[in-house]
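Here is the structure we will look at, set down as structure tokens.
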Amino acid sequence: MNSGIKTALFANGYLLVALAIFMLIPYVVEITIGDGSSVFLISAILTGFFGALLIIVNKTENRNLSIPQALLMTNLFWISVTFFSSLPLMYSSLRLSFTDAFFESMSGITTTGSTILPIVENASKGVLVWRSMLQWIGGLGIIVISITVLPLLNIGGLQLFKSEGTDFEKVIPKSKEISVSVIRTYIIITILCTLSYFIGGMDLFDAINHSLTTVSTGGYSTHSDSFGYFKSSTLEIISIIFILSGSIPFLTYFKFANGDYFNFFKDDEVRGFLYFLTFSIIIIYIYNIVFVGEDHWSAFMDSAFNVTSIITGTGYTTEDYDKWGNFALYYFLILMFVGGCSASTTCGMKVFRFQIVIAFINAQIKKIFYPDGVFFVRYKNHIVDDKTLSSVLSFFCLYILIFFIITALLALTGLDFVTALSAAASTLSCVGPGFGHTIGPDGSFFALSDTAKWICSLAMLLGRLELFTVLVLIVPSFWRN
């Protein structure tokens, strides 16, 4: 077997062993405050066995990876973790089908937050903790891959964030170094979030679970009413702060730790994200006062929380925004596509791509008025080369195309237009809830057919791994290479 493929399988084995160790946490929860089930222990043993087997069989001294092998490794990570993490959901007291368990697991590990549980409170304490942990693990995983692997693959313009002097053959050693810093920062923010929630009025169980799904911008809650269950402006403000902490590039934390204390305000992507977020909150705030009839404070908090949750792909809700009218729904649909910043836990198209496209359009308009002029597309005071620009524009076109294809496929399963459209946008952008009675803020994906759930699962994987990372697997030349 090719040494690069052996390395990919070898690394995947270590990931499964780590996943097995994580499964022991909900097992302890089950035997202490849960239903006493040993399903997580059995799942941990099975997952650990397969992980150890991959490590033993694929052990190699050569740890170099080619681009196709790194793509294969990235896909294996997400698919294998989704499969094995669905096992305890299948055999828990919920007795989920494999389709439902896989959907719930995929939604967790991709930090989407769409759920097939009509009544979340029916799940045991261990299952609730496991759902939250999956989102926390998925958020951490995508940060590491976004910083170390995806920029090296020249996918969707992410090569803009390639570190100087980074050699692709050294991707695994580089990952080890960066992962330590990412994990440290991620854990610190999570602990701070937990303490803030607890001080703000949540009990310890809810505080821990919601901190895991807040920092990861995942959105799984321990209650069917999501964040609206708490009815606390204090907790909502805390949530907004820590959602934003997971939505900005984690590289900015490294710069801050190294003495660049104002880099949060100097970074063009962060500023663009915060400007658009503020603008959107103001738009929905005014709309809620004028057309929905809310008082100023309620309108502000509902707008600030739900807009922040949607644009970052967190998916928490405090209100049934389906009742806010068509304008709010159309605007939320736009927010779903935008997403947050690169190298963060958020999904969507990412702010930097919109900034580059806007700069490109501006350059084209100038060329109309000044045909002999030479205009460059600039981003962060650097000229964007044609290869990167082509990559960004291709990503945009492909994203929209896949969105319409998924919408059409979901419509073929019998879903109405609004449900199919919002399900496609929500799962592809890894947001969580959609629109309408079925999958809206007060609903779940339980009523969808198995076919629709598999389509949505694929959409989550595509959106989380930046489209090309997954789609390249269907190209014959990929396997020949």
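The values are calculated or read from the model by the stated rules, or taken from the named source; none is laboratory data. Bear in mind that the values here come from a model prediction, so they are computed numbers and not experimental data. Every residue, glycine among them, receives a Cβ derived from its backbone with ideal geometry; neighbour counts consider all protein chains shown. Heads up: the accessible areas ignore ligands, DNA and RNA and are worked out on the full protein's heavy atoms, side chains in. Shrake-Rupley method; radii C 1.70, N 1.55, O 1.52, S 1.80 Å.
A cut-off of 5 Å between modelled amide H atoms, ignoring neighbours fewer than 5 places along the same chain, links Thr115 with Phe445.
3J(HN,Hα) couplings calculated from phi for the stretch 372-386 with the Karplus curve 6.51 cos²θ - 1.76 cosθ + 1.60 (θ = phi - 60°) are, in sequence order, 8, x, 10, 10, 9, 8, 10, 9, 6, 6, 10, 6, 7, 6, 4 Hz; Gly and Pro show x.
Between the stretch 205-260 and the stretch 1-52, the alpha-carbon centres lie 26 Å apart.
Given the rule -39500 (n - 2.57) for each run of at least 4 DSSP H residues, summed and divided by the residues of the chain, what is its mean residue ellipticity at 222 nm, to the nearest 500 deg cm²/dmol?
On the way: 20 runs with 312 residues, N = 481.
Rounded to the nearest 500, it is -21500 deg cm²/dmol.
Annotation: per residue accessible area for the chain equals 42 Å², rounded to a whole number [probe 1.4 Å, protein chains only].
On the accessible surface of the stretch 1-136, probed at 1.4 Å, how many percent belong to carbon and sulfur atoms? Display every interim value, and only then the final one.
Details: 3710 of 5230 Å².
Here carbon and sulfur together make up 71 percent of the probe-accessible area.
Scanning residues 5 or more positions from Ser224 or on other chains, those with amide H under 5 Å from its amide H are Val120, Glu121, with H placed 1.01 Å from N in the peptide plane. In this structure the amide hydrogen of Arg378, modeled in the peptide plane, comes within under 5 Å of the amide hydrogens of Val384, none closer than 5 places in sequence on its chain. In this structure, the pairs whose alpha-carbon distance is over 22 Å, taken from Lys350/Lys453; Lys255/Lys380; Lys266/Lys350; Lys6/Lys350; Lys231/Lys323; Lys231/Lys350, are Lys350/Lys453; Lys6/Lys350; Lys231/Lys350.
Take 180-192, 426-438 and order them by the average number of nearby Cβ atoms within 10 Å per residue, most first; the result is 426-438, 180-192.
Take the solvent-accessible surface of the protein heavy atoms, probe 1.4 Å, and return the percent of it on the stretch 417-480 that carbon and sulfur atoms account for.
70
Computed from backbone phi with θ = phi - 60° and the Karplus coefficients 6.51, -1.76 and 1.60, the 3J(HN,Hα) list for the stretch 211-218 is 5, 5, 8, 7, 5, 7, 6, x Hz; x is used for glycine and proline. Ordering 406-414, 315-323, 233-241 by mean Cβ neighbour count within 10 Å, with the highest value first, yields 315-323, 233-241, 406-414. Quick one, which of (i) 31, 30, 22; (ii) 39, 29, 27; (iii) 30, 26, 22 is the actual semi-axes √(5λ) of the Cα gyration tensor in Å calculated for this model? It is the one labelled (i). Each peptide in 207-214, 457-464, 36-43 gets a packing score, the mean of other Cβ atoms within 10 Å over its residues, and the list from highest to lowest is 207-214, 457-464, 36-43. Computed from backbone phi with θ = phi - 60° and the Karplus coefficients 6.51, -1.76 and 1.60, the 3J(HN,Hα) list for the stretch 260-269 is 8, 6, 10, 5, 4, 8, 8, 6, 4, 5 Hz; x is used for glycine and proline. Here the contact order of the stretch 340-481, divided by its residue count and restricted to Cα pairs under 8 Å and six or more residues apart, works out to 18 percent.
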